[in-house]
1. Per residue, how much accessible area does the chain have with a 1.4 Å probe, in Å²?
2. Starting from the amide H of Leu25, placed 1.01 Å from N in the peptide plane, find each other amide H under 5 Å away whose residue is 5 or more places distant or on another chain.
3. Can you give the calculated 222 nm mean residue ellipticity of the chain, where each DSSP H run of n ≥ 4 adds -39,500 (n - 2.57) and the sum is split over every residue, rounded to the nearest 500 deg cm²/dmol?
4. Can you tell me which aspartates and glutamates have their Cα less than 14 Å from the Cα of Lys74? Leave out same-chain residues fewer than eight positions away.
5. Stokes-Einstein at 10 °C, 1.306 mPa s, Kirkwood radius from Cα pairs: D for segment 29-68 in µm² s⁻¹?
6. Are there any GluC sites (Glu not before Pro) in the chain that are in a DSSP loop and have at most 16 other Cβ atoms within 10 Å? List them by number.
7. If I stretch the segment between Leu65 and Glu30 completely, what's the gain in nm (0.36 nm per residue apart, minus their alpha carbon distance), one decimal?
8. Counting only protein heavy atoms, what percent of the accessible surface of the chain is carbon or sulfur at a 1.4 Å probe?
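The values are calculated or read from the model by the stated rules, or taken from the named source; none is laboratory data. Remember, it's a predicted structure, so these values are computed and weren't measured experimentally. Methodologically, a virtual Cβ is constructed for each residue, glycine included, from the backbone with ideal geometry; neighbour enumeration extends over all protein chains shown. Heavy atoms of the whole protein, side chains included, go into the accessibility calculation; ligands, DNA and RNA do not. Shrake-Rupley method; radii C 1.70, N 1.55, O 1.52, S 1.80 Å.
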Amino acid sequence: MNIEEVKIDTETIQLDQFLKWAGVLASCGETKALIAERRIKRNGETESARRRQLHDGDIIEVEGLGAWKVVHEKG
């Protein structure tokens, strides 16, 4: 599986905001539907909270779309 790194400039970011920031989804609201369909995993576990706080190193997988790694770019 190819994992794309997505840099953030904060220590944490909400899952829905991360998916929008990464260009995976057009809006934060789309995350709710994907969670209901059990298509999002965080570090290999099915995710149930669209506002889950993500941290440096977390890996988000969206079934059928790909995988992304949260990278905190320390400034």
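1. Accessible surface, normalised per residue, equals 63 Å².
2. Lys20
3. After summing the helix terms and dividing by the residues of the chain, the value is -4500 deg cm²/dmol.
4. Candidates past the 8-residue exclusion: Asp9, Glu11, Asp56.
5. In µm²/s, the coefficient rounds to 156.
6. Here the sparse-neighbourhood loop sites are Glu11, Glu37, Glu63, Glu73.
7. 11.3 nm
8. The nonpolar share, carbon plus sulfur, comes to 43 percent.
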